[in-house]
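Here is the structure we will look at.
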Amino acid sequence: MPETEPSAVEVYAATRLALVQRCRSLSPTEANTIVPLTPAWRIADVVAHVCGINADFVAGRLEGLGSDAWTARQVEKRRGSSLSAICDEWMRLAPELDALLEDDPGLAPRLLGDLIVHVHDIEHALGIEPDRVSAATAIGAPLRPAVAGTRRRPRGSGAGDRPGCCGTFEPGSASAVRLRTSAYDFLRAVTGRRSRAQVAAFDWQRDPDLVDRIIDGIDVVRPVAARRRVELTFSRRPGRQSWRGERTPRS
């Protein structure tokens, strides 16, 4: 029988468990490591944030969803808790959160995209090489523009047979710009974790002036502006239950 791809809910649960297991192995000093590209959060604060997202969704506390104030409350509420206690709370929330995700198929990839970004952040803080071709990265990456109000759709039949990740940006003009990069680098770029020089070094095609305008829109802490559409496809790696985009040279 052909292999079936894990659902976004299953990948979220596996990613959550893997992060909890890693966090439980950390010393108190490691738990207080500052995570780059965050609001001076420690590893414990990052986990408080992703745990707090689960708690807020389960409780229906969605006013200000995604705002700085919303995320800050999640961290401050758990400021005096140990990393182990935060992990305990997160796992207690798992059954209710997973049931919620099963009922809302569109929510799991969005929460997974946020979670895997922070997993990568923590790995960088600890000096651990991240898994750049994980299922979580591939599922979460193309949804990031949708979070910002843009939309995403497949690029036509047969696209899944081609290796790599292609994006087409259409900022309201007849001149389209194509971007080819990995799911991992795309995800890091649209969440403010790549410099302008790094984004400019991606495999952009056509119209340099328009490329500059697009880079100006994504080389900030927020994702691509809502007036731009991003279209992405990912191909499956033969013999693996993960999806990946083509990795391009980094400068």
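Details
- Here the range 1-132 is assigned +1 on the Cβ of each Lys and Arg and -1 on the Cβ of each Asp and Glu. Its dipole about the Cα centre then comes out at about 560 debye.
- The dipole here belongs to the range 36-97: it is taken about the Cα centre, uses +1 on the Cβ of Lys and Arg and -1 on the Cβ of Asp and Glu, and is about 140 debye.
- Distant-in-sequence amide H partners of Asp203 (H built 1.01 Å from N, under 5 Å): Arg180
- Ranking of Glu102, Glu89 by count of other Cβ atoms within 10 Å, fewest first: Glu102, Glu89
- A simple rule links phi to the HN-Hα coupling: the Karplus curve 6.51 cos²θ - 1.76 cosθ + 1.60 with θ = phi - 60°, which for the range 62-74 gives 10, 5, x, 2, x, 6, 4, 5, 5, 6, 4, 4, 4 Hz, with x for Gly and Pro.
- Put in line by how crowded their Cβ is, counting other Cβ atoms within 10 Å and starting with the fewest, Val117, Val20 read Val20, Val117.
- Fewest neighbouring Cβ atoms within 10 Å first, the residues Ser82, Ser25, Ser182 line up as Ser25, Ser82, Ser182.
- In terms of overall dimensions, the C-alpha atoms belonging to the range 6-104 reach 39, 30, 22 Å along their principal axes, ordered largest to smallest.
- Measuring between their Cα centroids, the range 1-53 and the range 115-129 lie 8 Å from each other.
FYI, it's all coordinate maths here, none of it is from the lab. Bear in mind that the values here come from a model prediction, so they are computed numbers and not experimental data. No Cβ is skipped: glycine too gets one built from the backbone with ideal geometry, and neighbour counts run over all protein chains shown.
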